[in-house]
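Take a look at the structure below.
The values are calculated or read from the model by the stated rules, or taken from the named source; none is laboratory data. Quick caveat, the model's predicted, so the values are computed rather than measured. Please note: Cβ atoms are built from the backbone with ideal geometry, for glycine as well, and neighbour counts cover all protein chains shown.
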Amino acid sequence: MKDPSQDFADQGPRPAFQGLTDDDWQDRLRRARAELEECRACPRDCGVNRLEGKWSACKTGRHAVVASYFPHFGEEDCLRGWNGSGTIFFAHCNLRCVFCQNHDISQDIRPRAGVGVPAARVAGMMLELQGLGCHNINFVTPEHVVPQVVEALHEAAFRGLRLPVVYNTSAYDALHSLELMDGMVDIYMPDFKYWSSEASRKYMKAEDYPEYARTAIREMHRQVGKLRVDDEGLAQKGLIVRHLVMPGGLDETRQILRWVAEELGPETYVNLMDQYRPDGAVGPERYPELNRTLTGGELREARNMARELGLRNLDERRPHRRLRARLGVL
């Protein structure tokens, strides 16, 4: 029987990290460990020595904590393809979104409840996902563990990883961490959540989020440019901008979409996500304005805004024929 991972070994250009020399890798590893010694991995700038296992805002010490890893079929068509996107979900987070739908692994998990996973084991997870035929390796919430991702990618590359790398982030990233990932990431996928510092302070407990998000997304775009896909529609390289449309938040949406159109260009691939539901700290008593799902009218208005602003590369779900066949869907 054919190894399913072989389907992708010869597709498209080689992943970015394969272009790094031994000297490049050693430089990245040195910089990664220096970043942990007096932690500046994310905008929180905590300054603790994570090499000694200490932690602060992100509740993560020397090693990353992995909540789960599996082939994910809920991502964009260009990522999930027909064998899934190889997602690795990191636990904990540098934001405190009151509406987080993954709060059980991002905020509620106790710092010492999850055992840190050394780089060699994270590399093994990547290779397992490759062996299952996943189209890419998709790091979810990597903002606070960029140094550990560098270490794991180095190990995986040495052991035969050959898949594109997806950096799936809230966009609350430090510029120097993104510079550390330059030449390692093929597809950046930031979720630009809020435009205003007021909303960011209230709902994410990070007043400086918008400034950092704009700076981060500009850098991501500089590194990888607009999204390119192969003949099968699989993402090879580029930027995907996500935006979770929020109840009553269309003013924020408009500002974000205008910035994307003007700063990044009308060809930018944008996914206006409609899956918001009340979760986390949201309820009738706390943040009642978020205690409902979107209306159909809100999502339509968001999509109309995007088109009016000239954005013409909006995400549309059209499952690959091989995925439809796999699921028994015509």
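Give the residue that is surrounded by the most Cβ atoms within 10 Å (Cβ to Cβ), with candidates limited to residues of the range 205-234 that are farther than 18 Å from LEU272 by Cβ and touching a Lys or Arg at 6+ places or on another chain (Cβ under 8 Å). Within the range 205-234, the match that is surrounded by the most Cβ atoms within 10 Å (Cβ to Cβ) is TYR209. Just to be sure before I move on: is SER177 modelled with pLDDT of 95 or more, in a helix (DSSP H, G or I), under 22 Å from VAL122 (Cβ atoms) and touching a Pro at 6+ places or on another chain (Cβ under 9 Å) in the structure I sent? Considered against the rule, which asks whether it is modelled with pLDDT of 95 or more, in a helix (DSSP H, G or I), under 22 Å from VAL122 (Cβ atoms) and touching a Pro at 6+ places or on another chain (Cβ under 9 Å), SER177 comes out as yes.
Within the range 62-98, the set of residues being over 21 Å from LYS193 (Cα atoms), assigned to a loop (DSSP other than H, G, I, E, B) and among the small types (Gly, Ala, Ser) comprises GLY81, GLY84. With respect to (1) in contact with a helix residue (DSSP H, G or I) (Cβ under 8 Å, 6 or more places away or on another chain); (2) surrounded by fewer than 17 Cβ atoms within 10 Å (Cβ to Cβ); (3) of a type in the set (Val, Ile, Thr), the lone exception for VAL245 is condition (2). Are there any helices (runs of 4 or more DSSP H) wholly within the range 101-172 with 3 or more residues that are on the phi < 0 side of the Ramachandran plot and among the β-branched types (Val, Ile, Thr), and if so which? The qualifying helices (runs of 4 or more DSSP H) are 146-158. One residue stands out in the range 186-231 among those that are in a strand (DSSP E or B) and not aromatic (Phe, Trp, Tyr): the one that is farthest from ARG258 (Cα to Cα), namely VAL229. Would you point out the residue of the range 26-78, among those that are aromatic (Phe, Trp, Tyr) and in contact (Cβ under 8 Å) with a residue 60 or more places away in the chain, that is surrounded by the fewest Cβ atoms within 10 Å (Cβ to Cβ)? Checked the range 26-78; the qualifying residue surrounded by the fewest Cβ atoms within 10 Å (Cβ to Cβ) is PHE73. Selection of first residues in the range 126-139 that are over 16 Å from ALA157 (Cβ atoms) and of second residues that are assigned to a loop (DSSP other than H, G, I, E, B) and of a type in the set (A, V, I, L, M, F, W, C), restricted to Cβ pairs under 6 Å at least 6 apart or on distinct chains, gives the following pairs, ordered by first then second residue: HIS135/LEU234. When we screen ARG312, ARG292 for residues that are closer than 30 Å to ASN83 by Cα, of a type outside the set (Asp, Glu), touching a residue at least 12 places away in the same chain (Cβ under 8 Å) and in a loop (DSSP other than H, G, I, E, B), the only hit is ARG312. Scanning the range 262-285 for residues being touching a helix residue (DSSP H, G or I) at 6+ places or on another chain (Cβ under 8 Å), over 19 Å from MET204 (Cβ atoms), in contact (Cβ under 8 Å) with a residue 40 or more places away in the chain and outside any strand (DSSP E or B) gives a total of 3.
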